[in-house]
Amino acid sequence: MKHFWVVGQISNNQISSNTSELLGALDELAVDQLAEVAIVFVGSGLRMQAPAFGRLGQPMTILIESEFIKNRNSDLVGREIADLAMSRKPELIVAPHNKWGLEVSAKISAKTRKPLLTNIVDIKSREDGFLLDRFSSGGQIKSKVWSPHGSVVTIHQGVFNAPKSADITTTVEMFESATMLSEIVRKLDHIEPGDQEGPSIADSQVIVSCGRGLQSKENLVLGKRLANKLGAAFGASRAIVDAGWIDPTHQVGLTGKVVSPRLYIACGISGADQHLAGMRQSDTVVAINRDPDAPIFKIADFGVVGDCLEILPALIEYL
Ligand SMILES: Cc1cc2nc3c(=O)[nH]c(=O)nc-3n(C[C@H](O)[C@H](O)[C@H](O)COP(=O)(O)OP(=O)(O)OC[C@H]3O[C@@H](n4cnc5c(N)ncnc54)[C@H](O)[C@@H]3O)c2cc1C
């Protein structure tokens, strides 16, 4: 029997929603190929979470437990999965197309010497491997690529729905990682303080994002206050990250995070393709921009033409 693996991500002690999306991406393919889908989690304390793994509705879960490795340690997670993949030889490994997923899959690909294909939006089977649809140029170009069996693939977020959770029994296979603490400890000279504030944009259902239209770093407080009022995460365009107004962990887009919240509020963001590539899967987009021809209005569900520096304070006051 063929085996497909899904790389499971855990954020804030919860199984990340993108893990279910990855299962959705393999749903039809697994039926077509009579393949068994397994989710692979790496980290510490996984045994405690076993009941939650069962609720994802797939027949097989592989847990690689290590008291030293946290699931967020992408490099180590990739290394552990690669070691197991070399003996088990799954036909396909899929990971989320986010910073973590790209780092994990790059590690797996490098260690197993299997091809890595990124930003995939569709997978079909072929006798000699898989035919993949791939996004490039910020989502403007969709191309078809072939990949052989054993490939590692990252899946564009927000494209696939989670499969309807089936009432099936999950078999859990447990491995103890052989990695020693001495192998993974690194001495740091110094740590740059980040300014990640509030919830992470990766998993938030509401995101307030600001761009250069806010005019200055000091004015970002308006976006942060609105986010606070809405219990939202604070996102940013690359322009203001590059200008040093905010930490890169907030950046949405092609070279930032890909997000798909229920509500995305873009304040003073023009809507460049590279920004849209990271948020166009949002359910509802609200844009505030003083230029009525700003490209962001082409994808916005609700648009407000006006000055952010007047509209945001009024909105905060109203809420
Ligand atoms: C390889 C590559 C990768 C990239 N990756 C990313 C990425 O991941 N994420 C990303 O965001 N960008 C990315 N970019 C940059 C992208 O092309 C844009 O330059 C960037 O998104 C612009 O940011 P912005 O919308 O904040 O600024 P601008 O394009 O300068 O837009 C500012 C907007 O604010 C409006 N405005 C001005 N003043 C006000 C006001 N007072 N009230 C209301 N509106 C106002 C203006 O009308 C304008 O539409 C990338 C570029 C490249 C080449």
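Taking Val304, is it outside the structural domain of His97 (by TED's automatic domain parsing), assigned to a helix (DSSP H, G or I) and among the β-branched types (Val, Ile, Thr)? So Val304 fails the test.
Only one entry of Val208, Val259 meets the criterion of being β-branched (Val, Ile, Thr), closer than 23 Å to Phe135 by Cβ and within 14 Å of the ligand (Cβ to nearest atom), and that entry is Val259. Taking the criterion of being loosely packed, with under 13 Cβ neighbours inside 10 Å and not aliphatic (A, V, I, L, M), the residues of the range 292-317 that qualify are Pro292, Asp293, Lys298, Asp301, Phe302, Glu310, Glu317. Could you please let me know if Gln33 is at pLDDT below 90, in the same structural domain as Lys114 (by TED's automatic domain parsing), surrounded by fewer than 19 Cβ atoms within 10 Å (Cβ to Cβ) and touching a strand residue (DSSP E or B) at 6+ places or on another chain (Cβ under 6 Å)? Spelling it out, Gln33 is indeed at pLDDT below 90, in the same structural domain as Lys114 (by TED's automatic domain parsing), surrounded by fewer than 19 Cβ atoms within 10 Å (Cβ to Cβ) and touching a strand residue (DSSP E or B) at 6+ places or on another chain (Cβ under 6 Å).
Before we move on, is Glu67 within 15 Å of the chain's Cα centre (by Cα) and among the acidic types (Asp, Glu)? Here the answer is no, as Glu67 does not meet what is asked.
On the given criteria, is Val252 of a type outside the set (S, T, N, Q), away from the ligand (no atom under 11 Å from the Cβ) and at pLDDT 95 or above? Show your work before the answer.
Numbers: of a type outside the set (S, T, N, Q): yes; away from the ligand (no atom under 11 Å from the Cβ): no; at pLDDT 95 or above: yes.
Spelling it out, it is not the case that Val252 is of a type outside the set (S, T, N, Q), away from the ligand (no atom under 11 Å from the Cβ) and at pLDDT 95 or above.
One line per residue, one yes/no per condition, for (1) within 6 Å of the ligand (Cβ to nearest atom); (2) farther than 17 Å from Arg225 by Cα; (3) in contact with a Gly (Cβ under 8 Å, 6 or more places away or on another chain):
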site: Cys267; (1), (2), (3): no, no, yes
site: His275; (1), (2), (3): yes, yes, yes
site: Asn289; (1), (2), (3): yes, yes, yes
site: Ala314; (1), (2), (3): no, no, no
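Here are some residues: Ala227, Ala202, Ala162. Which one is under 22 Å from the mean Cα position of the chain (by Cα) and modelled with pLDDT of 95 or more? If you could, list the steps in order and put the result at the bottom.
Numbers: Ala202 fails: modelled with pLDDT of 95 or more; Ala162 fails: modelled with pLDDT of 95 or more.
Within the list Ala227, Ala202, Ala162, the selection yields Ala227.
Can you pull out the residues in the range 242-271 that are of a type in the set (A, V, I, L, M, F, W, C), part of a loop (DSSP other than H, G, I, E, B) and surrounded by 18 or more Cβ atoms within 10 Å (Cβ to Cβ)? Reasoning before the result, please.
Taking the range 242-271 as the starting set, the residues that turn out to be of a type in the set (A, V, I, L, M, F, W, C) are 243, 245-246, 252, 254, 258-259, 263, 265-267, 269.
After this cut, where a residue has to be part of a loop (DSSP other than H, G, I, E, B) as well, the list is 243, 245-246, 254, 258-259, 269.
Across the range 242-271, the qualifying residues are Trp245, Ile246, Leu254, Val258, Val259, Ile269.
The values are calculated or read from the model by the stated rules, or taken from the named source; none is laboratory data. Computed from a predicted structure; not experimentally measured. FYI the Cβ positions are ideal-geometry reconstructions off the backbone, even for glycines, and counts take in every protein chain you see.
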